Amino acid sequence: MSEKVLMKGNEALGEAAIQAGCRHFFGYPITPQTELSAYLSKKMPKVGGTFLQAESEIAAINMVLGAAGSGVRAMTSSSSPGISLKSEGVSYIAGSDVPAVIINVQRGGPGLGSIQPSQADYWQATKALGHGDFQLLVFAPSTVQEMADFVALAFDTAEKYRMPAMILSDGMLGQMMEPVVFPDATEVHEGDKSWAASGHKNQRKHNIVNSLYIEAKDLEEKVKERYERYEIVKANEQRSESYLTEDADIIIVAFGASSRVSRSAVNAARAKGIKAGLFRPITLWPYPVDALEKTVGTAKKYLVVEMNMGQMVEDVKLAVNGRKPVEFFGRTGGIIPTPAEVLAQIEALV
Amino acid sequence: MIEKLKDFIVVTGHYGCGKTNFTINLALDFVKAGRKVTVVDMDLINPYFRTSDFKGILEEKGVEVITPVFGATNLDIPSLPASMYGIFEKKDVVIIDVGGDDAGSMVLGRFKPQFDKVDYDMLYVINRFRSMSTDLDEAVEVLGEIEAVSGLKPRYLVNNSHMMAETNQAIYEEGKQFAGMISEKTGLPVLCHTIDREFYDTGIVVPDVNDNIYPLEIYVKTVWQKNKIVRI
């Protein structure tokens, strides 16, 4: 399907999974993510894949661990409360060094919260999606086209470093419709799978996919090795977009849907003669500190705009390291800030 | 265009084909023609981008809006209010905006006995560029599924083919051709070809003089688009 079509973000994620060679999807319905599962339930059987609606989110993530442990591309998707349920399984996936893709179409929280769009799982995704010492790759799309593009990227990167990857979307990106085009053939960079428990056929020593270590020193050694890998990820995989930041006095830092609002606000500010710009992290882990660093010399102030209570502010402050003021504006509970609101914040900072 | 339609209109189509935006335009045009309009949001399957979100705009113009219980709130519980049964007693214009696909149209089935007693026009909205209804077979299949679950008979096609901001003359022509093919296959006449009024007014899309066109205001859009074009 190389022609341009209109898709909802959730559908684009589903199609992109198929294009990326994923043939194993395990999920459980939840608003506002359900179109993704619905799309794959229709399409997976047509490409010889497995779509399985599990009995729970917990079951689904453990099926991902099992499938991905055998070396195939496996994916699950959910929305905020469902992602919380998956956190144990995500930790096991990380602890087993298994690559897999998890999609979170965020809604308002905490608790059952709301079904409206939110970015309040930033901390969960970047700092604590499960127990133990580990990280996961976090990609934050801001268009339906990026929803499509980042799935293969997430699989490729996850396999390259043998770690779980998350696409952190939200209810607005998932539900809204935009033109999207898929390449004739998605380029897939499949990682080495010699570790996979895919059957030794008496040809090699059997592989073990496991997160349990009997000896404390073995676990420490393993975790330390993993953290050395994370340093390589931090060095190589940071992604971001800078929009009108070169001469900007005020730089908004925003990702996902709030970056779309912020871009409109930046344009409106520029029309009023205010030098505003937008720095958009695309990877939330690793955080794109190197590109943000390049703006610190020229920017006068930073304004973090999020659909939460300011969870990303500390990452921006760590990068800016006290050299420039970092302010925050956000809406939460399922409310999307308007460009007019963000523009008012920019004007207040001038 | 509205003069062709009966007073009881059911708007169906593939998920995301533009039913809600079309419904709002239709309702406001009936209002302009001096009619008393009731819009019924019968979408029980998706809590986003739905008629209930535009209750304010519609009510301001005197349109009565009937929504599912908890419509446009954080409870996506598919329950219908008792007032929905009252729509079959209305004297003037009733427009029902139904959810997408057969899943969304299933709710119509429970009102089959009531529909049998009213003279209705069921519309099938199509968009050549909407994923999963981009070819003739898919579009006809979705229509067949909607007919099967609703028990209702479609009367007209509404060609709502567009590519949002990327719509151009070629997109328009391709959509028109697509509508012609579906019309031929299903025997349903095309009620109208829609065009975003901005594209029509600025000449980005220039229809043939014989095309039965229906310029649309775009109400269903994202927060950041809303800031750019304020036309409400």
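Read-outs: derived from the displayed coordinates by stated rules, not from any lab. All values derive from a computational prediction rather than experimental measurement. Heads up, the Cβs are rebuilt from the backbone with ideal geometry, glycines too, and the neighbour counts pull from every protein chain shown.
Structural remarks
- Trypsin sites (Lys or Arg not before Pro) lying in DSSP loop within the stretch A:265-323, provided at most 16 other Cβ fall within 10 Å: A:LYS272, A:LYS300, A:ARG323
- On the beta carbon distance between B:ASP119 and B:GLU217, with R0 = 25 Å, the FRET formula returns roughly 0.35.
- The distance separating the Cα centre of the stretch A:106-121 from that of the stretch A:174-188 comes to 26 Å.
- Sorted on the mean count of surrounding Cβ atoms within 10 Å across their residues, most packed first, peptides A:30-37, B:40-47 read A:30-37, B:40-47.
- Centre separation in Å (Cα based) which lies between the stretch A:4-52 and the stretch A:199-224: 32 Å
- The lysines within cross-link reach of A:LYS46, meaning a Cα-to-Cα straight distance under 22 Å and a gap of 8 or more places when in the same chain, are A:LYS4, A:LYS8.
- Charges were assigned to the Cβ only: +1 to each Lys and Arg, -1 to each Asp and Glu. The resulting dipole of the protein assembly as shown about its Cα centre is roughly 620 debye.
- Computed label-point distance, nm, for sites A:GLU187 and A:LYS205 using a 7 Å Cα→Cβ extension: 3.6 nm
- Cβ-placed point charges (K, R +1; D, E -1), dipole of the stretch A:241-349 about Cα centre in debye, nearest 20: 200 debye
- In whole percents, the pair-distance distribution calculated for the protein assembly as shown from its alpha-carbon pairs, binned every 10 Å from zero, is 3, 16, 25, 25, 18, 9, 3, 1, 0.
- Calculated FRET value between B:LYS61 and A:ASN236, using beta carbons and R₀ = 51 Å, to 0.05: 0.35
- Under the combined filter of DSSP loop state and at most 14 neighbouring Cβ atoms within 10 Å, the stretch A:57-160 retains these trypsin sites (Lys or Arg not before Pro): A:LYS127.
- Relative contact order [Cα under 8 Å, 6+ residues apart], the stretch A:241-349, whole percent: 32 percent
- For chain A, modelled as a GNM whose springs connect Cα atoms under 10 angstrom apart, the maximal fluctuation among A:PHE139, A:PHE279, A:PHE328 occurs at A:PHE328.
- Sequence-separation-based contact order of the stretch B:153-223, relative, with Cα cut under 8 Å and 6+ spacing, percent: 33 percent
- Using a Gaussian network model of chain A in which every pair of alpha carbons under 10 angstrom is joined by a spring, one finds that among A:ALA291, A:ALA158, A:ALA12 the greatest mean-square fluctuation is at A:ALA291.
- Binning the alpha carbon pair distances of the stretch B:2-228 at 10 angstrom intervals from zero yields the distribution 8, 35, 39, 17, 2, expressed in whole percent.
- Calculated mean residue ellipticity at 222 nm for chain A: -12500 deg cm²/dmol, from DSSP H runs with n ≥ 4 weighted as -39500 (n - 2.57), summed, divided by the residue count and rounded to 500.
- Along the axis of the charge dipole computed for the protein assembly as shown (Cβ charges of +1 for Lys and Arg, -1 for Asp and Glu, origin at the Cα centre), the listed residues A:MET309, A:SER242, A:MET176 are led at the positive end by A:MET309.
- Bridging of A:LYS301 to lysines at a Cα separation below 24 Å is possible for A:LYS272, A:LYS275, A:LYS317, A:LYS324, once same-chain residues fewer than 8 apart are set aside.
- For chain A: relative contact order, % (alpha-carbon pairs under 8 angstrom, 6 or more apart): 18 percent
- Alpha-carbon centroid distance for the pair the stretch A:309-325 / the stretch B:105-152, whole angstrom: 52 Å
- Selection from A:SER79, A:LEU137, A:ASN210 lying farthest towards where the dipole of chain A points positive, charges on Cβ: A:SER79
- The trypsin sites (Lys or Arg not before Pro) of the stretch B:79-120 that DSSP puts in a loop, and whose beta carbon has at most 10 other beta carbons within 10 Å, are B:LYS91, B:LYS117.
- Computed over chain A with a Gaussian network model linking Cα atoms closer than 10 Å, the most mobile of A:GLY111, A:GLY277, A:GLY66 is A:GLY111.
- Considered as an equivalent ellipsoid built on the Cα gyration tensor, the stretch A:241-349 has semi-axes of 18, 17, 12 Å, the largest given first.
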